[in-house]
Every structure is written in C-alpha cells, then in structure tokens.
Amino acid sequence: MALNRQFTASLEQTIEQLKADKVYKRLNYLDSPQSARVQMEGRGEVLILSSNNYLGLCDEPSVIDAGIKGLELYGAGTASVRFICGTFAIHRELEDALAKFVGTEASLSFVSAWNANEGFTATVAQEGDFIISDALNHASIIDSMRLAKAISKCTTAVYKHSDMDDLRAKLSEAKGAKRRMIWTDGVFSMEGAIAKLPDILQIARDHDAIVVVDDSHSTGVLGKTGRGTPEHFGVLGEVDVITSTLGKALGGAAGGFVAGSNALADYLTQRSRPQLFSNALPPTVAMSALAAVRFVEEHPERVKKLQDNSRYFRENITEAGFKPLPGETPIIPIIVGETAAAIQMSDMLLDEGVFVTGFGFPVVPHGQARVRCQISAAHSRDDLDEAIGAFKTVGTKLGIIG
Ligand SMILES: Cc1ncc(COP(=O)(O)O)c(C=O)c1O
C-alpha cells in the first residue's frame with residue numbers, strides 16, 4: 001500500500017517547529033487514580049495541582065463501586081444509539097438527578113460536555129437567530145456557534161469578556177433578530193473568574209434573550225451545596241439552559257449534559273445529531289456519575305473543603321510573593337508571559353515534585369501564558385503547603401519572586 005509520505009512529512013515538520021519553539025506538549029503517563037498525589041511513570045509520586053478532580057471523587061469508593069456495579073448490571077457498552085437499540089434505565093435516573101441538582105425540569109446526557117455544547121447550539125439555532133458569546137468562552141462553545149452558523153445561517157457575535165455594556169449594546173443592535181441567545185461560561189476555565197450572572201439575567205430580560213450557561217467548572221464547585229454558578233448568586237432555577245460536564249467535579253470520568261425544560265430535552269433527543277448518530281454515555285460511567293451526584297448531595301462539607309482549600313492556597317501563594325489572577329474559585333492562574341516561560345516553570349515545578357501545567361498560545365492570548373493551579377478537596381493542608389514551598393523555590397530561581 002502506498003502511504004502518502006508527503007502528508008506525514010508535513011505533520012512531522014510542524015511538530016519539529018513546535019519543539020523548536022519550546023511549545024511542544026509532552027504527555028505525562030500516570031499509573032494511579034487521580035487524587036491529591038499521583039504515580040507518574042518515570043518519576044514516582046507527585047503532587048497534582050492541575051486536575052479537574054475538584055471534589056476528589058475520582059477515587060471515591062462509592063463512585064468506583066457504582067461503576068463496577070454498572071459493568072455487571074449493564075455490560076460494557078450501549079452498542080448503538082439510544083433511539084435505535086434502547087436507552088438504559090440508568091440514563092433516565094442520571095438525567096433526572098442532574099436536572100434536580102442544577103435546578104431545571106429535565107436534562108439530557110451526552111458523551112462529553114463538548115458534545116453537549118455542540119449538540120445544543122447547532123440543534124436549536126435557526127436562521128434569523130442572534131447568538132452572542134463572551135470573548136473568553138470555552139472552545140466547545142465557540143465551535144458550537146461556528147457549527148450553528150454554518151448549518152442554520154444564524155448570526156453570531158462576541159462581547160468583550162464580562163463587559164455588560166458591550167453585551168447590552170450588541171443585543172440592542174440585534175433587536176430585529178428572530179430570537180436572541182446569550183452564551184457564557186459560569187466559571188472561565190483559564191481565568192477562574194465567575195460570570196456576572198445576575199447582570200446577564202437582567203440584560204436577558206431587558207432584551208428578550210435566553211441565557212445559556214456552561215457550568216463545567218462550577219458544578220460541584222460553586223454555591224453552598226455545589227449546585228454551581230446559579231446557586232452562588234442565589235438565582236437557582238432562573239437560567240434557561242445549563243450545560244455541564246461529568247468529567248470534572250462529578251467523578252471525573254467523561255460525559256456532559258444539557259439541562260433545561262422538558263421540551264428542550266425532548267427536542268434534543270429528537271434532533272441533536274450527537275444523540276442521533278453516536279453511542280450514548282457508557283452505563284458504567286452513568287452509574288459512577290450518579291453516585292457522584294448522590295455523594296455531593298449527601299456531603300456538602302466536601303464542597304466547603306474545596307472552597308476553604310482554594311482560599312487558603314490563594315492567600316498563601318499571594319503571601320509568597322506571586323500575583324495570581326484575583327478570584328474566588330479553585331482555578332488560580334499565575335501569569336508568566338510567554339508560552340515558553342510557562343512551560344519552563346511547569347517543568348521546574350515537576351522537578352520539585354509538583355505537577356501543574358503551563359498554558360500558552362493558542363489556549364490563552366499571546367503574552368499571557370500562565371501556570372494554572374487547580375485546587376481540590378482531596379488536598380490536605382500539608383499538600384498545599386508543600387506545593388507553595390515548591391513554587392517559592394522555582395519562583396526564586398526564575399526571578400519571579402524576590
Ligand atoms: C467550560 C468547559 N466546557 C466544556 C468542556 C468540555 O468538557 P468535556 O471534557 O466533558 O468535553 C470543558 C473542558 O475543558 C470546559 O472547561
């Protein structure tokens with residue numbers, strides 16, 4: 001068989017350039033579950049400060065046991081699409097529990113939040129609609145709007161990050177649109193900032209728009225009982241549509257969902273292409289995710305521990321001389337400038353036994369590369385102190401702190 005060598009050569013050339021630019025991402029292989037500390041191939045135990053395991057449920061016994069039970073009860077997988085060969089009862093149970101948890105009538109699960117976002121926007125958008133997105137929304141929202149625009153010929157726009165005047169002005173210009181939709185992250189993943197949800201809801205009322213919030217970094221994280229951005233602001237039940245992931249605080253496996261009215265869940269079941277042309281969430285994952293939801297419902301103290309840990313780390317890393325972006329979430333980014341500097345700092349921290357990833361362009365804008373710390377309820381105070389010690393050592397070597 002004649003392989004296309006030119007194609008491979010062009011890929012290799014691009015990869016070599018990434019290496020030369022020192023922006024090549026190396027994969028670190030783990031031999032243990034996500035937890036406060038992980039076993040890293042070739043390094044042994046390292047403290048991890050870059051996982052979305054916010055509540056420490058990745059290795060929670062009840063979550064693991066539920067997955068094993070799911071395998072025994074339902075077998076390895078779904079073997080087709082839900083409407084073609086059947087929907088497992090666990091999907092319905094999980095979707096009911098998720099809807100109740102985030103304060104909506106219904107929800108529909110997808111194999112990822114990426115799929116949920118694409119499955120939502122591209123399915124509901126119609127010609128004549130106007131969809132506007134915060135400039136720092138997650139890539140899955142951006143791509144979902146590109147897809148929606150290509151399919152439906154709706155109009156899309158972007159407002160400056162958390163700039164309510166800009167949002168208002170652009171919605172006013174779209175007065176003639178058939179429908180208006182505002183898309184925002186609940187917590188912005190690279191900044192750790194929280195969306196100004198009460199303002200957004202008011203603006204939506206003033207402009208007859210619907211509000212869609214991706215709460216992937218807020219579900220299980222914000223609010224007294226972990227119900228996300230709406231609970232944080234006391235507006236639970238007031239957001240038209242919430243999307244979120246099962247791959248972060250809720251067990252960390254995979255999967256996502258769209259939550260809203262019964263009609264929305266039904267409509268997406270009928271028309272959303274990831275539902276109609278792709279297998280459903282594996283039942284093992286659905287079982288684990290449901291156990292994770294139950295765990296959070298029964299253990300609000302775990303949410304409090306995450307919030308306390310985040311405050312402690314933020315205060316102490318600031319005291320150590322670093323200037324993290326201000327905020328109140330477990331995402332605590334330390335801006336270092338160029339991508340290569342963020343990668344260097346991350347490598348040096350790993351040498352000190354702390355695994356925390358550096359992010360640069362194109363994930364964040366040029367010149368704003370950062371080391372993004374993510375705190376978990378799984379961390380003990382000793383873990384956090386150890387991490388801060390490593391940051392001090394590396395920060396001093398790099399001249400970031402005095
Ligand atoms: C805000 C946001 N939305 C969606 C996703 C995608 O989640 P999933 O891994 O479930 O596809 C992420 C993951 O990084 C995210 O941060």
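Hand me the GluC sites (Glu not before Pro) from segment 102-131 located in a DSSP loop with no more than 11 other Cβ atoms within 10 Å, in residue order please.
On the way: sites: E105, E118, E127; in loops: E105, E127.
Those satisfying the criteria are E127.
Using the per-residue mean of other Cβ atoms lying within 10 Å as a proxy for protection, in what order, highest first, do the peptides 363-370, 279-286 fall? Could the numbers behind the result be given before it?
On the way: 363-370: 17.4, 279-286: 23.5.
Final packing ranking: 279-286, 363-370.
On a full-extension model of 0.36 nm per residue, what is the gain between L11 and D163, subtracting their alpha-carbon distance, rounded to one decimal in nm?
Details: separation 152, 0.36 × 152 = 54.72 nm, distance 3.94 nm.
Extra length available between L11 and D163 comes to 50.8 nm.
Applying 1/(1 + (r/R0)^6) with R0 = 25 Å to the Cβ-Cβ distance of Q270 and S172, what FRET efficiency is obtained, to the nearest 0.05? If you can, show how the numbers build up before the last one.
Working: r = 34 Å, r/R0 = 1.35.
The calculated FRET efficiency here is 0.15.
Restricting things to Cα coordinates, could you compute the convex hull volume per residue of segment 178-308 in Å³?
Numbers: hull volume 16.5 nm³, N = 131.
It is 126 Å³ per residue.
Quick one: if you stick a label point 7 Å off each Cα along the C-beta vector at K323 and E41, how many nm between them?
Label-label distance for K323 and E41, simple model: 4.0 nm.
In 20 Å bins starting at 0, how do the alpha-carbon pair distances of the chain split up by percent?
26, 56, 18, 0
Give me P(r) over segment 259-402, computed from all C-alpha to C-alpha distances, binned every 10 Å, as integer percentages.
Histogramming segment 259-402 at 10 Å steps yields 10, 29, 24, 22, 12, 2 percent.
I want to check a number: in segment 137-245, how many lysine pairs have alpha carbons closer than 27 Å, given a sequence separation of 8 or more or different chains?
Value for segment 137-245: 17.
With a cap of 11 neighbouring Cβ atoms within 10 Å, and only residues DSSP puts in a loop, list the GluC sites (Glu not before Pro) found in segment 1-58. Mind dumping the intermediate values first?
Values: sites: E12, E16, E41, E45; in loops: E41.
Filter output for segment 1-58: E41.
Please give the net charge around I141, taking every other residue with its beta carbon less than 14 angstrom from that of I141, where Lys and Arg add +1 and Asp and Glu add -1.
On the way: positive: R146, K149; negative: E118, D134, D143, D185, D214, D215.
So the surrounding residues net to -4.
Using the per-residue mean of other Cβ atoms lying within 10 Å as a proxy for protection, in what order, highest first, do the peptides 46-58, 225-237, 337-349 fall? Spell out each step's value before the answer.
Working: 46-58: 23.8, 225-237: 21.0, 337-349: 19.5.
Ranked by mean Cβ neighbours within 10 Å, highest first: 46-58, 225-237, 337-349.
For helix 197-206, what angle does its Cα long axis make with the longest principal axis of the chain, in degrees from 0 to 90 and rounded to 10?
30
Calculate, for N4 and R26, the FRET efficiency according to 1/(1 + (r/R0)^6) with r their C-beta to C-beta distance and R0 35 Å; round to the nearest 0.05.
0.80
Considering only DSSP beta bridges with both partners in the chain, what is the antiparallel share in %, to the nearest 5? Walk me through the numbers on the way to the answer.
Numbers: 24 of 44 bridges.
About 55 percent, rounded to the nearest 5.
Can you give the charge dipole size of the chain about its Cα centre, rounded to the nearest 20 debye, using +1 on the beta carbon of Lys and Arg and -1 on the beta carbon of Asp and Glu? Numbers along the way, then the final one.
Working: 40 positive and 49 negative charges, 158 e Å.
Here the size comes out at about 760 debye.
Can you give me the distance in nm between label points at A135 and T393, each placed 7 Å from the Cα along the Cα-to-Cβ direction?
Roughly 3.9 nm, to one decimal.
So, in segment 244-402, how many Lys pairs have Cα atoms under 25 Å apart, if the pair is 8 or more places apart or on different chains? List each step's numbers first, then the result.
Values: K248/K304; K248/K305; K304/K323; K305/K323; K305/K392; K323/K392; K323/K397.
Lysine pairs meeting the criterion: 7.
If you consider only alpha-carbon coordinates, what radius of gyration and Dmax does segment 184-248 have, in Å?
Using the Cα atoms of segment 184-248, the pair Rg, Dmax is 11.1, 35 Å.
Students often forget the sequence filter, so: which aspartates and glutamates lie under 17 Å Cα-Cα from K22 once same-chain residues fewer than 8 apart are removed?
Once the sequence-local aspartates and glutamates are set aside, what remains near K22 is E12, E338, D347.
What FRET efficiency, computed as 1/(1 + (r/R0)^6) with R0 = 45 Å and r the Cβ-Cβ distance, is obtained for A79 and K153, rounded to the nearest 0.05? Intermediate values should be presented prior to the final figure.
Numbers: r = 36 Å, r/R0 = 0.80.
Efficiency for this residue pair is about 0.80.
For every other residue with a beta carbon closer than 12 angstrom to the beta carbon of G353, add +1 if it is Lys or Arg and -1 if Asp or Glu, then tell me the sum.
Details: positive: R37, R43; negative: E45, D351, E352, D383, E386.
For residues surrounding G353, the net value is -3.
Describe numerically, in nm with one decimal, the distance between label points set 7 Å from Cα along Cα→Cβ at Q202 and at E298.
Rounded to a tenth, the inter-label distance reads 4.1 nm.
We did not get these values from a lab; they are worked out from the coordinates using the rules stated. Predicted model only: the values in this text are computed from it and were never measured. Cβ coordinates were reconstructed from backbone atoms using ideal geometry, including for glycine residues, and neighbour counts include every protein chain displayed.
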